[in-house]
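K.L.:
One structure is given below, represented as structure tokens, and several questions about it will come after.
The values are calculated or read from the model by the stated rules, or taken from the named source; none is laboratory data. Fair warning: this is a prediction, and the values are worked out from it, not measured in the lab. Ideal geometry is used to build each Cβ from the backbone, glycine not excepted, and the neighbour counts take in all protein chains shown.
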């Protein structure tokens, strides 16, 4: 395996890692604010992809402009799911029960998509999807660049939101010390709803990127959520920075293994790494033991 | 008299807080050993260290000559040391009898434990005997979750006895239990002791401890202060100091005096004082009438009526479990009183949610540290004015607060979690002032702080009063708290036992008895 | 002792129904549904031995189901089994393989806290699914074919049913034995308060692992049975995330942590599932209803049907005691 191939794999990994970072950030944000593991995040990405598909194929709105519709749509969906289901999970066993609840939501989403679109594979198309730009000896597919650019822009936007706005401070306060947030007048309940909305809204962009680079059908959510979970746990549940770092790391490892060893084994290494890291460090790479104050 | 269980030089810190500091303890065989000390002195942490729930890097725990430092809890139990918890822990969904059968007398091979029925006939007999012994045998088939509080305590004790431990560590066995039952408990413990069992009992109920224990050790600030026979310990002035708060390093502050010069400690923090405005009218800002409140199980507060005059500092003191925090929760909206009324500025606020209470001008600084650790000091203080939309107003208030608390300006960009406990407290004060509250409620602000920082904290509390605010203070450090208050209230077992001016309450003969049991008179020393 | 008689009667009736079912109802569709129902009843009861009693939600038991299936398929092929009653003898082998796999899986997964545990079991499940797709000896996407059983066409389903029924009875007995044993008590204690259990001398790590391995064995066996019945084992089918979720749903519906609960839940749900597969040929509507039902159960009926009924039964039974006069003053509270 040549150095070029290796470097290409690393570059690919970083680019796709950026998109996964965005989706994983959404997942870990939901966990941080709600103590809920959103198993439906994968299905929502697929839903986002189908929304883009619907707009591009049946409404003539091409992929990128379509995001203007799909992102707010997913935002509203996220808030609705928080309001209707997530907040009704009992406090006592919250995180474990949330897995079941969100799994159920994922199943419903899959069912709706199957009913509407059947089980055939589709893919998102646009003029730039199959083209690459050749830079410094590397092929950089346009779609990856665009997706990566979007992901970075959104992550920057998320960062700005969290650190420069009043709402963002409310979210961080709820994340760090719920009681204190309550005591200074933060409307914790409303903050949570909006935070979940944001966490889900990012899946619209993930759907665009995923759908343009992979053939997908309603069943594709499982593969996605399994990777996202691995990333989020590796990065430490509730740590957005950790999720981002882990995403890039895992995808680079994935792509390098695919090139160096075999493409079929690459995803396996993903999970095996997760299992190994957790055996040694149960709080994940970047998580702190019992970090969050209540 | 040999030490069956010995703790030597153990230190344990949680983040910046030192819970145990080179702590040593001897538990003498065949005796009932008592462990007392003020809130936050490290008693439960010590239990956790002995029984393996907390690991330590420094120090040793030795049992019957063998070192058991950092052994896992199941192994510690297997060696013969059993413990109860401060808040009873039972297996609520199992029946009382099943609770008794979880522990085994002898180690059992795993295959047998799967195949055979839980508890052989002889084990069940023994379990029933033990249940008889504590008096709850008739409840054997009931789910443990349905037991009353006192019955739970008895079950917790009984379930330890199944394995016939040689040492029993009891964490507040009499806590929250009615007087009849306390007597029963004491009898049972004495009986078990006569049968040869060694006890180490943590308790706040001084009559219980003094009446039952052969030896008592006093823990303060994570280290053992004094050990000896109960009467000796009770009369030791250092012990009294530990409970009521030591004398400050500077001359005692006299109430109602103007202090135009900055005080030594204040200079160290770079504080400037404004002259005190004319005293406000002595209206009652806050009033509780006939309040009964509790959490699920029963009432912790029983018929509590207090008045908090405007523009003054009122201090509430009382032994542990008296209901002080419950009272604060009832005022600030975290707990809804079952009965009774809370009124603020003449308007009823009983049962309002915390957000509304805050909007009315009541700010609470809770006991546990409540800063947002990952945010900067400045951000934390700004968050205090979260509900204020006008940014210019927020900036003005921040500037005003920075005048009073220069630490906010000095450490503005640092992560709040990196500050010491005392500094965090001051930032918390600064934060609560951002909304310019009329009433400030402080829950044990000086807990866990060293004397120097405590002095500063108390000065800042006086400053709040000087600025025309009303302060309701709950203090473990009764001396310091009462010294600066114009009104003192003593709460015990959920009822108001004493009210009066700060000094009156402090000098009242009963106060020593309330804390230490027995009629010791306590008062201001020669400095006043 | 009075309460025993009705319980024994109910059990006797249930066993009778179990045994006589294919004799009375001969319609092959019905007996086919019965085979799958029995399989799920075993799997849910077995899953409950671990997750229900210990409170650790395991969402990866498909690992044992599929592995048992592959083990039986591979053994039947490589050891030249002809197809007929002899293949059933391989089922314990499938169970054994599943149990052996459960040891390392359990050792890794049980190191984590409860909520991470759920996710780790899911992750391990995906590892197995991927491995099944990619490892040579598992036959890739098309999987492995099992020998066709040489049973008469009219009563083809019956041998499968009866073998499943026998496994069911044995599994229920195991569940009952665990529940009444000290081991079971310790599991339940772990569920209620793991730290305190530790303080009472319970070797929690060992107890959890043993329960995990025990719960894998029957699932492996019925995995083998299931794929023998179907005739083929392939990755999507063997390692199906819906299977994991179904066990949890069935457990919760019936009442997690009880003995009868998983049985009831599996009975109701599998029958429903099969009905849907017949009526709604497309998978979409079926998934929607399934998911919606799941949500309803989790959010509205968190204790499940059986404990709800048990609570009512207990209240009815103690109505006399509650009407009794208060104890004399001076007695202990």
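K.L.:
So which residues in the stretch B:66-108 are more than 8 Å from chain C (Cβ to nearest Cβ) and assigned to a loop (DSSP other than H, G, I, E, B)?
P.N.:
Result: B:68, B:69, B:70, B:71, B:80, B:84, B:86, B:87, B:88, B:105, B:106, B:107.
K.L.:
Right, something else. Test of understanding: among C:116, C:141, which residue is in a helix (DSSP H, G or I), within 14 Å of chain A (Cβ to nearest Cβ), out of contact with any strand residue (DSSP E or B) (no Cβ under 8 Å at 6 or more places or on another chain) and exposed (fewer than 15 other Cβ atoms within 10 Å of the Cβ)?
P.N.:
C:141
K.L.:
Still on this structure, please answer the following. Got a sec? Which of B:111, B:185 is more than 10 Å from chain C (Cβ to nearest Cβ), at pLDDT below 90, assigned to a helix (DSSP H, G or I) and within 29 Å of residue B:79 (Cβ to Cβ)?
P.N.:
B:185
K.L.:
Identify the residue in the stretch C:144-183 that is assigned to a strand (DSSP E or B) and surrounded by 19 or more Cβ atoms within 10 Å (Cβ to Cβ) and, among all such residues, is nearest to the other protein chains (Cβ to nearest Cβ).
P.N.:
Among those that are assigned to a strand (DSSP E or B) and surrounded by 19 or more Cβ atoms within 10 Å (Cβ to Cβ), it is C:181.
K.L.:
Sticking with this one: State whether one or more residues within the stretch B:372-379 are in contact with a strand residue (DSSP E or B) (Cβ under 6 Å, 6 or more places away or on another chain), within 11 Å of chain A (Cβ to nearest Cβ) and not in a helix (DSSP H, G or I).
P.N.:
yes
K.L.:
Mind checking whether some residue in the stretch B:190-207 is within 14 Å of chain C (Cβ to nearest Cβ) and free of Cβ contacts under 8 Å to residues at least 12 places away in the same chain?
P.N.:
No, that holds for no residue.
K.L.:
Quick check on this structure: which one of B:177, B:184 is free of Cβ contacts under 8 Å to residues at least 60 places away in the same chain and in contact with a helix residue (DSSP H, G or I) (Cβ under 6 Å, 6 or more places away or on another chain)?
P.N.:
Every option except B:177 fails the conditions.
K.L.:
Hey, any hits in the stretch C:218-236 for a residue that's assigned to a helix (DSSP H, G or I), touching a residue at least 24 places away in the same chain (Cβ under 8 Å) and within 14 Å of chain B (Cβ to nearest Cβ)?
P.N.:
The answer is no; no qualifying residue exists.
K.L.:
Another question about this same structure. Could you check the stretch A:149-242 for helices (runs of 4 or more DSSP H) lying wholly inside it with 3 or more residues that are surrounded by fewer than 23 Cβ atoms within 10 Å (Cβ to Cβ) and away from chain B (no Cβ under 14 Å)?
P.N.:
Answer list for the stretch A:149-242: A:188-213.
K.L.:
Continuing with this model, one more query. Looking at the structure I just gave you, is residue B:468 surrounded by fewer than 22 Cβ atoms within 10 Å (Cβ to Cβ) and either at pLDDT 90 or above or part of a loop (DSSP other than H, G, I, E, B) (or both)?
P.N.:
In short, yes.
K.L.:
Here's something else I'd like to know. Return a yes/no flag: does the stretch A:112-123 have any residue that is within 12 Å of chain C (Cβ to nearest Cβ), closer than 16 Å to residue A:37 by Cα, touching a helix residue (DSSP H, G or I) at 6+ places or on another chain (Cβ under 7 Å) and surrounded by 20 or more Cβ atoms within 10 Å (Cβ to Cβ). Don't jump to the end; show me each part of the working.
P.N.:
If we filter the stretch A:112-123 for residues that are within 12 Å of chain C (Cβ to nearest Cβ), which is where we start, we get A:112-119.
Of the ones still in play, those that are also closer than 16 Å to residue A:37 by Cα are none.
The answer is no; no qualifying residue exists.
K.L.:
Something else about it: Quickly run through the stretch B:40-71 and pick out the residues that are in contact (Cβ under 8 Å) with a residue 60 or more places away in the chain and within 18 Å of residue C:201 (Cα to Cα).
P.N.:
Passing the criteria: B:47, B:50, B:51, B:63.
K.L.:
What single numbered condition from (1) more than 12 Å from chain A (Cβ to nearest Cβ); (2) at pLDDT 85 or above fails to hold for residue B:391?
P.N.:
(1)
K.L.:
In this structure, is residue B:495 under 20 Å from the mean Cα position of the chain (by Cα) and at pLDDT 85 or above? Working first, answer last.
P.N.:
On the way: under 20 Å from the mean Cα position of the chain (by Cα): yes; at pLDDT 85 or above: yes.
Answer is yes for this residue.
K.L.:
If you go through the stretch C:87-102 one residue at a time, do you hit one that is within 21 Å of residue A:222 (Cβ to Cβ) and away from chain A (no Cβ under 14 Å)?
P.N.:
Among the residues of the stretch C:87-102, not one is within 21 Å of residue A:222 (Cβ to Cβ) and away from chain A (no Cβ under 14 Å), which makes the answer no.
K.L.:
Another one. Just give me the residues in the stretch B:117-138 being under 33 Å from the mean Cα position of the chain (by Cα) and at pLDDT below 85, in sequence order.
P.N.:
none
K.L.:
Touching a helix residue (DSSP H, G or I) at 6+ places or on another chain (Cβ under 8 Å), in a helix (DSSP H, G or I) and farther than 23 Å from residue A:187 by Cα: which single residue out of A:18, A:32, A:78 fits that description? Talk me through it step by step, then tell me what you get.
P.N.:
Numbers: A:32 fails: farther than 23 Å from residue A:187 by Cα; A:78 fails: farther than 23 Å from residue A:187 by Cα.
Of A:18, A:32, A:78, the one residue that is touching a helix residue (DSSP H, G or I) at 6+ places or on another chain (Cβ under 8 Å), in a helix (DSSP H, G or I) and farther than 23 Å from residue A:187 by Cα is A:18.
K.L.:
Follow-up question, since we're still on this one. So for the stretch B:46-65 (the condition being in a helix (DSSP H, G or I) and more than 14 Å from every other protein chain (Cβ to nearest Cβ)), does at least one residue qualify? Let's see the steps before the verdict.
P.N.:
Step one: filter the stretch B:46-65 for residues in a helix (DSSP H, G or I), giving B:46-50.
Narrowing the set further to residues that are more than 14 Å from every other protein chain (Cβ to nearest Cβ) leaves B:46.
Within the stretch B:46-65 (the criterion being in a helix (DSSP H, G or I) and more than 14 Å from every other protein chain (Cβ to nearest Cβ)), the answer is yes, since at least one residue qualifies.
K.L.:
Using the structure shown, decide if residue B:314 is surrounded by 23 or more Cβ atoms within 10 Å (Cβ to Cβ) and in the same structural domain as residue B:506 (by TED's automatic domain parsing).
P.N.:
Here the answer is yes, as residue B:314 does meet what is asked.
K.L.:
Residue B:412 is checked against (1) away from chain A (no Cβ under 14 Å); (2) buried (at least 20 other Cβ atoms within 10 Å of the Cβ); (3) farther than 28 Å from residue B:291 by Cα and fails just one. What number does that condition carry?
P.N.:
Looking at each condition in turn, residue B:412 falls short on (2).
K.L.:
Quick one: in the stretch A:245-258, which of the residues that are buried (at least 24 other Cβ atoms within 10 Å of the Cβ) and within 24 Å of residue A:33 (Cα to Cα) is nearest to the other protein chains (Cβ to nearest Cβ)?
P.N.:
Here the residue is A:246.
K.L.:
Does residue B:333 satisfy the condition of being surrounded by fewer than 22 Cβ atoms within 10 Å (Cβ to Cβ) and within 14 Å of another protein chain (Cβ to nearest Cβ)? Even if it seems obvious, please write down each step before you answer.
P.N.:
Working: surrounded by fewer than 22 Cβ atoms within 10 Å (Cβ to Cβ): no; within 14 Å of another protein chain (Cβ to nearest Cβ): yes.
It is false that residue B:333 is surrounded by fewer than 22 Cβ atoms within 10 Å (Cβ to Cβ) and within 14 Å of another protein chain (Cβ to nearest Cβ).
K.L.:
Please verify whether the stretch C:205-212 includes one or more residues that are more than 14 Å from chain A (Cβ to nearest Cβ) and at positive phi.
P.N.:
The answer is no, given that none of the residues of the stretch C:205-212 is more than 14 Å from chain A (Cβ to nearest Cβ) and at positive phi.
K.L.:
Now a separate question. Of everything in the stretch C:185-204, what is under 20 Å from the mean Cα position of the chain (by Cα) and more than 7 Å from every other protein chain (Cβ to nearest Cβ)? Give them in sequence order.
P.N.:
If the condition is that a residue be under 20 Å from the mean Cα position of the chain (by Cα) and more than 7 Å from every other protein chain (Cβ to nearest Cβ), then C:187, C:191 are the ones that fit.
K.L.:
Hey, another quick one. Can you tell me which residue in the stretch B:471-486 is surrounded by the fewest Cβ atoms within 10 Å (Cβ to Cβ), limited to those that are assigned to a helix (DSSP H, G or I), at pLDDT below 85 and out of contact with any strand residue (DSSP E or B) (no Cβ under 8 Å at 6 or more places or on another chain)?
P.N.:
B:479
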